[in-house]
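S.K.: Below are the structure tokens for one structure; questions will follow.
The values are calculated or read from the model by the stated rules, or taken from the named source; none is laboratory data. Just so it is clear, the structure is predicted and the values come from calculations on it, not from any experiment. Cβ placement follows ideal geometry from the backbone for every residue including glycine, while neighbour counts extend to all protein chains displayed.
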């Protein structure tokens, strides 16, 4: 969700880096706007680390499934007995 509290221009980032980083720490993220278009997002380092670990776990699961030849069936596709 875009709000003025967590949206900063590139100029603001250059001039008020500490304020932008504090907002990222408080809210977990901030959007960077350049020429009225959202160009990037800054995220809290703890969130990024957790996201990377979750992604690595997901890749490990896929690799394990390939190794043992397991094909997962989505729960919604399973028939009830």
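S.K.: Within region 37-81, can you find the residues that are part of a strand (DSSP E or B) and exposed (fewer than 10 other Cβ atoms within 10 Å of the Cβ)?
M.R.: Hit for region 37-81 is 37, nothing else.
S.K.: Restricting to region 44-81, what's the tally of residues that are more than 30 Å from residue 19 (Cα to Cα) and touching a helix residue (DSSP H, G or I) at 6+ places or on another chain (Cβ under 9 Å)?
M.R.: Qualifying residue count for the region: 3.
S.K.: Select from region 25-36 the residues that are touching a helix residue (DSSP H, G or I) at 6+ places or on another chain (Cβ under 8 Å) and not in a strand (DSSP E or B) and write down the one among them that is farthest from residue 50 (Cα to Cα).
M.R.: In this case the residue turns out to be 27.
S.K.: Pull up region 1-15, narrow it to residues that are surrounded by 10 or more Cβ atoms within 10 Å (Cβ to Cβ) and in contact with a strand residue (DSSP E or B) (Cβ under 8 Å, 6 or more places away or on another chain), then point me to the one that is modelled with the lowest pLDDT.
M.R.: 6
S.K.: For residue 28, state whether it is at positive phi and within 13 Å of the chain's Cα centre (by Cα).
M.R.: Taking the combined requirement at face value, the residue satisfies it.
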